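Let me begin by presenting the structure, written as structure tokens, before commenting on it.
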Amino acid sequence: MSKPLRLAIAGLGTVGVGVIKIIQQHADMIESRAGRPVTITAINARTRDKDRGVDVNGYQWMDGAAEFANMDDVDVVVELVGGSDGLALDLAKKALGNGKHFVTANKALMAHHGFELAALAEKNGVSLSYEAAVAGGIPIIKAMREGFAGNDIQAVYGILNGTCNYILSEMRETGRDFDDVLKEAQELGYAEADPSFDIDGVDAGHKLCLLTALAFGTKPEFTSLEMTGIRHINATDISFASELGYRIKLLGIARRHGGSIMQVLEPCLVPKNSTLGTVEGVYNAVHIEGDHVMTGHLVGRGAGEGPTASAVMADIIDIARGFNVPAFGVPASKLTDAKWVDVGETVNCYYIRLNVLDEPGVLAEVSAILRDNNVSIEAFLQRGRDPGQPVPLVMTTHETKHKDMTAACAAMEKIKSVLEKPCLIPIENIE
Ligand code: HSE
């Protein structure tokens with residue numbers, strides 16, 4: 001019999017348990033696909049005595065995961081702990097430094113330290129694999145690194161956070177409150193431990209950085225990412241967007257602009273019949289524009305036990321087969337520093353919602369500001385009539401420079417009858 005590939009698993013939460021279940025359930029199938037058995041040597045989690053719904057008695061329990069890096073009977077360290085630093089980073093460095101393959105679902109770790117870890121993996125001739133870190137069950141890392149390897153990629157963008165997509169979809173379909181829907185997503189096991197990671201865009205931002213690096217051969221760079229979450233989107237925006245023929249989606253977008261790259265994470269209006277507009281609930285979706293493949297579109301479940309564990313297993317089986325490609329598709333030494341576009345100079349159409357007092361003259365003031373800042377209005381909507389009371393006033397614009405739009409919003413916010421910061425959402429007229 002061929003030598004087994006021996007794993008040590010750090011973290012026995014939803015994903016860790018999912019991986020163990022697949023290994024136990026599909027041992028023979030995995031052996032025949034990989035050409036060798038995949039076995040588990042050791043495990044570690046925060047709490048030892050807990051019923052996890054899976055039999056872990058045959059595996060060696062270690063009190064500290066760092067010990068995995070020194071075990072002779074471990075070939076692969078599987079990190080399912082999370083966090084960009086601390087235990088996860090320490091374990092990654094020790095494992096790769098000691099010649100162990102490293103498989104992780106940790107997008108924060110990869111977005112912050114992917115470059116140095118990729119270099120360390122290559123130096124030691126081992127794999128650094130993170131299919132589960134982006135879009136769960138969608139094999140997007142493989143697609144970009146291997147499937148689309150013959151293409152010059154122009155853009156990659158998509159819905160990268162299932163919790164936000166679920167919240168926005170549920171709010172639209174049921175008219176329920178943001179907090180109520182978020183709570184449900186947490187109960188369903190989709191949300192991050194810290195909900196702000198989902199709703200403020202951090203989780204999707206981490207994933208976008210990895211896609212940008214794969215698309216353009218640049219070092220992943222989280223710190224320079226422009227990020228806006230979905231806290232400021234309310235039921236009024238969702239309903240106006242629908243009326244105008246759009247859906248609101250939290251999109252991660254990385255696009256080549258000449259010699260520079262735009263990398264931005266923000267809610268956008270997309271046409272409701274576009275492919276991204278029809279992706280609802282916890283589903284993720286990624287579009288890739290390559291010069292030969294044209295548009296590739298992948299949709300699937302982005303979170304949860306099965307999809308995420310399935311992605312972890314894909315990496316493990318690759319390693320068992322002896323397949324080892326550079327983490328970001330090119331050797332770490334060839335990854336370049338991205339040159340980012342000046343976002344202020346980018347051009348978009350926009351949706352603007354103002355909460356204004358219903359009184360004469362407000363619209364005249366608003367339109368003067370838009371005129372003075374080169375903003376041309378495409379459509380204008382006001383529903384209801386409530387003299388002296390707050391009412392929403394919604395506009396969509398023609399193509400406008402980002403810096404002109406933000407200057408106009410800052411000026412409109414100062415109008416006495418404008419009661420709060422304008423809600424500004426770009427319109428992405430994508431397929
Ligand atoms: N919390 C993430 C989401 C899943 O809702 O998509 C893992 O990244």
Residue list for the stretch 31-55, restricted to those being of a type in the set (Gly, Ala, Ser) and over 30 Å from GLY322 (Cβ atoms): GLY53
Residue identified as modelled with pLDDT of 95 or more, charged (D, E, K, R) and under 26 Å from GLY302 (Cβ atoms) among ARG6, ARG33: ARG33
Pick from the stretch 353-383, criterion under 34 Å from the mean Cα position of the chain (by Cα) and assigned to a strand (DSSP E or B), ranking: surrounded by the fewest Cβ atoms within 10 Å (Cβ to Cβ): ALA379
Members of the stretch 243-262 that are closer than 16 Å to ILE425 by Cα and either in a strand (DSSP E or B) or in contact with a Leu (Cβ under 8 Å, 6 or more places away or on another chain) (or both): GLU243, LEU244, TYR246, ARG247, ILE248, LYS249, LEU250, LEU251, GLY252, ILE253
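Rundown of residues vs (1) within 11 Å of the ligand (Cβ to nearest atom); (2) assigned to a loop (DSSP other than H, G, I, E, B); (3) in contact with an Asp or Glu (Cβ under 6 Å, 6 or more places away or on another chain), yes/no style:
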| residue | (1), (2), (3) |
| --- | --- |
| GLU173 | no, no, no |
| ALA193 | yes, yes, no |
| ASP198 | yes, no, yes |
| ASP203 | yes, no, yes |
| THR212 | no, no, no |
| PRO220 | no, yes, no |
| GLY229 | no, yes, yes |
| ALA241 | no, no, no |
Single match in LEU160, LEU168 (criterion: crowded, with 24+ Cβ neighbours inside 10 Å, at pLDDT 90 or above and within 15 Å of the chain's Cα centre (by Cα)): LEU160
Candidate set from the stretch 263-288 (those that are in a loop (DSSP other than H, G, I, E, B) and in contact with a helix residue (DSSP H, G or I) (Cβ under 9 Å, 6 or more places away or on another chain)); member that is farthest from LEU188 (Cα to Cα): LYS272
The stretch 312-345: number of residues that are among the polar types (S, T, N, Q) and either buried (at least 18 other Cβ atoms within 10 Å of the Cβ) or closer than 23 Å to ILE40 by Cα (or both): 1
Count - residues of the stretch 289-348 that are in a strand (DSSP E or B) and without any contact (Cβ under 8 Å) to a residue 40 or more places away in the chain: 2
Complete set of residues in the stretch 133-171 that are more than 9 Å from the ligand (Cβ to nearest atom), closer than 24 Å to MET313 by Cα and part of a helix (DSSP H, G or I): ILE140, ILE141, LYS142, ALA143, MET144, ARG145, GLU146, GLY147
Set ASN98, ASN151: member being over 19 Å from the mean Cα position of the chain (by Cα), among the polar types (S, T, N, Q) and surrounded by fewer than 17 Cβ atoms within 10 Å (Cβ to Cβ): ASN98
From the options ALA88, ALA108, ALA69, residue that is away from the ligand (no atom under 16 Å from the Cβ) and either assigned to a helix (DSSP H, G or I) or crowded, with 23+ Cβ neighbours inside 10 Å (or both): ALA69
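The values are calculated or read from the model by the stated rules, or taken from the named source; none is laboratory data. Values in this document were obtained by computation on a predicted structure and should not be read as measured data. For neighbour counting, all protein chains shown are included, and Cβ atoms are generated from backbone atoms with ideal geometry for every residue, glycine included.
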